[in-house]
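Bear in mind these aren't lab numbers, they're just calculated from the coordinates by the rules spelled out. Please read these numbers as outputs of a predicted model, since none were measured by experiment. FYI the Cβ positions are ideal-geometry reconstructions off the backbone, even for glycines, and counts take in every protein chain you see.
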Amino acid sequence: MKDRIQALLDFDKADEAISLLDSWQKGGGVMDDTLFYLLGNAWRKKGNWQMAMNNYLEAIHLNPESPAQQALDIANEILDFYNKDMYNQ
C-alpha cells in the first residue's frame, strides 16, 4: 500500500492517492504513521496546508521519529514566510 501511494505521488496523482487512502480508512484499514505522512504529502501537493499539517501531526503522534516532523517544520516555515509576505503588500 505504501509503495503504491508513493508511486501515485511521484506521478503527481495526489487526488488518486487521497481517494485510495480514504477508501482504505473507510474499509477498516489501519493507518500507521507512514500512511498519515503520505496522506499529508498528498494534501500538500494539492495546496491544502491545513489537511497536510493535520495528517503530519497524526503521524507524529503515532511516531515522534516520523519524517512528518520535518515536513511539518518545513510547512510551518513556508506558511510563516507567506504570512510575513502578506504584511508587506
_Spin-label pair Ile74/Lys46, simplified geometry with 7 Å Cα→Cβ offset, distance in nm_ = 2.0
_Can you work out the Karplus-derived ³J(HN,Hα) for every residue in the range 25-35? Use 6.51 cos²θ - 1.76 cosθ + 1.60 with θ = phi - 60°, whole Hz, and x for glycine or proline._
5, 5, x, x, x, 7, 8, 9, 4, 5, 5
*Using 0.36 nm per residue of separation minus the Cα-Cα distance, give me the extension gain between Leu62 and Asp12 in nm, one decimal.*
15.4 nm
*In deg cm²/dmol, rounded to 500, what helix-only [θ] at 222 nm does the chain give when every DSSP H run of at least 4 residues adds -39500 (n - 2.57) and the total is split over its residues?*
-25000 deg cm²/dmol
